[in-house]
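Asks: Sharing a structure with you now.
Derivation of every value follows stated rules applied to the coordinates shown; laboratory data play no part. None of these values were measured; they are calculated from a predicted model. Because the Cβ atoms are built from the backbone with ideal geometry, glycine has one as well, and the counts that use them run over all protein chains shown.
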Amino acid sequence: MLPDIMSTETQQVNGLTQTVAEVIAASLKRRGIRNIFGQSLPSELILAAEKEGIRQVVYRTENAGGAMADGFARASGTIGVVAAQNGPAATLLVPPLAEAMKASIPVLALLQEVPRKSRDRNAFQEIDHVELFGACSKRVSLLDCPERIEEDLDLAIVEALSGRPGPVVVLLPRDVLSMEGASVEGGGSSAEFPLDRPRPDAASVAVAAEMLRGAARPLIIAGGGVHASGGTEALAELQEIASIPVGTTTMGKGSVDERHELSLGMITSFMGAGSLSRRMGEYVADADVIMFVGSRTNENGTDAWTLFPEDGCSYIHLDMDPVEVGRNYPSVRLVGDARAGIEALLDALKDGDLATRGERRPQLASFIVSARRRDRVSAAHLLSAPDSPIRPERVMAELDKVGDSQTIYVADASYSTIWVAAYLTARRAGQRFITPRGLAGLGWGLPLAVGVQASEPESKVVCIVGDGGFAHCWSELETIAREQLPVTIVVLNNAILGFQKHAELHKLGAHTTAVDHSRIDHCAIARACGVAAELVSDPEELEGAFVRNLNSGRPGLVEVDTDARAYPPIKAWDDSPTLWANPRSAEPNGKAA
Ligand SMILES: Cc1ncc(C[n+]2csc(CCOP(=O)(O)OP(=O)(O)O)c2C)c(N)n1
Ligand SMILES: [Mg+2]
């Protein structure tokens, strides 16, 4: 229950009257919010926030600023905050909020609104923000009542953090920001998510536990919701104690240690020739109980809903969003927080006999370890390819050597996401591989990494981008230099819109004129912005370049000259007659290249 905010005493802090802007700034600070990604506007608010000691991390474009807030939220487990002007600036927040909406990431967008007396009169840069953000936010709130600013702000933040998390927009009319505002001492929720941890229905948990206990070939598919709920430790315990194999989606990568004898690795659309989880497809096809956790069962996570068996398999689905549960696979419904649900299952399983699970473990583990070894042998020639231009698999293998269990990897959309997911190794439960899988929009790699590094200043953050996607946001190179964020950027420069070109060739046997662009000197761009840079054309030089950059403590860019014919292990493209002969087909039991 909030205190009586209408009383005159609450309008004063230490005897001083506060403006609405100051009330909001104080309220954010009280919640532990340390950063706002902004560019001065709304000025009254940013001035008040900076006075409170909240750091303004200054973006160059609102597009990027929204993605920075998203990356910050993913890494910190607290709401990401972005501020922007009304009108044109607001329209640039649509794409990042759309990504956050689909990926279930809580972002608070503090948006300037035209003054109240100008409303609906074609004021300068006036647009209907409520309509604008309709499909890409959970709530758009107009905060035009100074007496209840904190209540309204709290409602928006609760909306972002609770249930299935997501972005919210708060509209702040310019005139209202300078008015006297009512403050509530100690009011408001924290900034952490999830706000609540509802446990799924006990009877359904009991049913699910019995299904898992008795399964011959059980499988858990962990999605991004496991990270969002902080459920990775609990999942690792479930994997170990109940001897249940675990595979992950792209957003769920790092939910478990991929070197564990019961980890299948990536179970997605990217299990084609040369993938390190290709042979795990056999396990999936024969699974008799599959449990999805924190997963939307979307197209890429299910290979267009063909990956998981239709017959002979029963499904369990644990998710915070009741609409996602059973959306694509009729399931035993576990509606609740992923961590709480896993803990409930653990309790139920520990209450009974786990002997059968223990007896079945050696056989399951032996299949998985052997499949993993054979997949690695099949991919060895790619992971160690000596060619120049360089194979991206080799780039990932060299990064994998240099990074450790604490390294945070961030990727842009397109192939970068797939290379990272398919060829880097999660070395502990809880390691992060942050990818824009909500909508897979190009350009989010660098700004997501900025947000991650702002949240984790001591961590080594490596950002992998393609040349096409990187061009959406080069301008943020100046941001990482100015804000002294020591991100290492790896640009995979194949000088084409790779996925686009190859998809057209695969589907249509031809490509349009858009996909081959000029070769760009990314090192020159980086240096011009104050970021150290080096070009690598010889694969033998990759390791040294990565070590130098990761240990420099400064932002740096490594541009890698990559093979324009290389495409990642997209299963649907195996044996494509219109793509280049795939060197992956040269694997021992495969066809000739
Ligand atoms: C905002 C946006 N525009 C267009 C696309 C369609 N698209 C997907 S991949 C791709 C090519 C990306 O090229 P690049 O970033 O160089 O990566 P590469 O595939 O070459 O590694 C395009 C245009 C998209 N996903 N997002
Ligand atoms: Mg490219």
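Asks: Using only Cα atoms and rounding to the nearest 10 degrees, what angle (0 to 90) does helix 20-30 make with the longest principal axis of the chain?
Replies: Computed tilt is about 40 degrees.
Asks: Right, next: Over the Cα atoms of segment 379-573, what is the Rg over Rh ratio if Rh follows Kirkwood?
Replies: Radius of gyration over Kirkwood radius for segment 379-573 works out to 0.94.
Asks: Viscosity 1.306 mPa s, temperature 10 °C: what is the translational diffusion coefficient of segment 439-490 from Stokes-Einstein with a Kirkwood Rh over Cα pairs, rounded to a whole number of µm²/s?
Replies: 144 µm²/s
Asks: Give the distance, in whole Å, between the Cα centre of segment 358-409 and the Cα centre of segment 132-173.
Replies: Spelled out, the Cα-based centre of one part sits 44 Å from the other.
Asks: Each residue of segment 105-122 in turn: what ³J(HN,Hα) in whole Hz from Karplus with 6.51, -1.76, 1.60 and θ = phi - 60°, glycine and Pro shown as x?
Replies: For segment 105-122, the Karplus-derived couplings read 10, x, 10, 9, 9, 9, 10, 5, 10, 5, x, 4, 6, 9, 4, 6, 10, 6 Hz, x marking Gly and Pro.
Asks: Would you mind ranking T578, T232 so that the residue whose beta carbon has the fewest other beta carbons within 10 Å leads the list?
Replies: So the residues, fewest neighbours to most, are T578, T232.
Asks: Same structure again: Calculate, in whole percent, how much of the Cα-Cα pair population of segment 202-375 lies beyond 28 Å.
Replies: Result for the distance tail: 11 percent.
Asks: Something else now. For a bin width of 10 Å, list the pair-distance distribution of segment 201-250 built from all Cα-Cα distances, rounded to whole %.
Replies: 23, 52, 25, 0
Asks: Moving on. Can you work out the Karplus-derived ³J(HN,Hα) for every residue in segment 563-578? Use 6.51 cos²θ - 1.76 cosθ + 1.60 with θ = phi - 60°, whole Hz, and x for glycine or proline.
Replies: 6, 5, 8, 6, 9, x, x, 6, 4, 5, 9, 4, 6, 4, x, 9
Asks: Compute the helix-to-body angle for 392-402: its Cα long axis versus the longest principal axis of the chain, expressed 0 to 90° and rounded to tens.
Replies: 70 degrees
Asks: I would also like to ask the following. Helix 149-161 sits at what angle to the longest principal axis of the chain, using alpha carbons and giving 0 to 90 degrees rounded to 10?
Replies: 10 degrees
Asks: A further question on this structure: With viscosity set to 1.002 mPa s and temperature to 20 °C, compute the Stokes-Einstein D of the chain, Rh being the Kirkwood radius across alpha carbon pairs; µm²/s, no decimals.
Replies: Using the Kirkwood radius from Cα pairs, D works out to 86 µm²/s.
Asks: Additional query: Can you list residues whose amide H is under 5 Å from R217's amide H, if they're 5+ apart or on another chain and H is modeled 1.01 Å from N?
Replies: D288, V289
Asks: Could the peptides 250-260, 192-202 be put in order, highest first, of the mean number of other beta-carbon atoms found within 10 Å of their residues?
Replies: Final packing ranking: 250-260, 192-202.
Asks: What list of ³J(HN,Hα) couplings, whole Hz, do you get for segment 191-199 from phi and the Karplus terms 6.51, -1.76, 1.60, once you set θ to phi - 60° and write x for glycine and proline?
Replies: Values per residue, Gly and Pro as x: 9, 7, 10, x, 5, 10, 10, x, 8 Hz.
Asks: A follow-up question, please. List every residue whose amide H lies under 5 Å from the amide H of G466, counting only residues 5 or more places away in sequence or on a different chain, with H placed 1.01 Å from N in the peptide plane.
Replies: Placed amide hydrogens put D412, S416, L492 under 5 Å from G466.
Asks: Please report the Cα spread of segment 20-177 along all three principal axes, rounded to whole Å, starting with the longest.
Replies: Answer, in whole Å and largest first: 40, 32, 30 Å.
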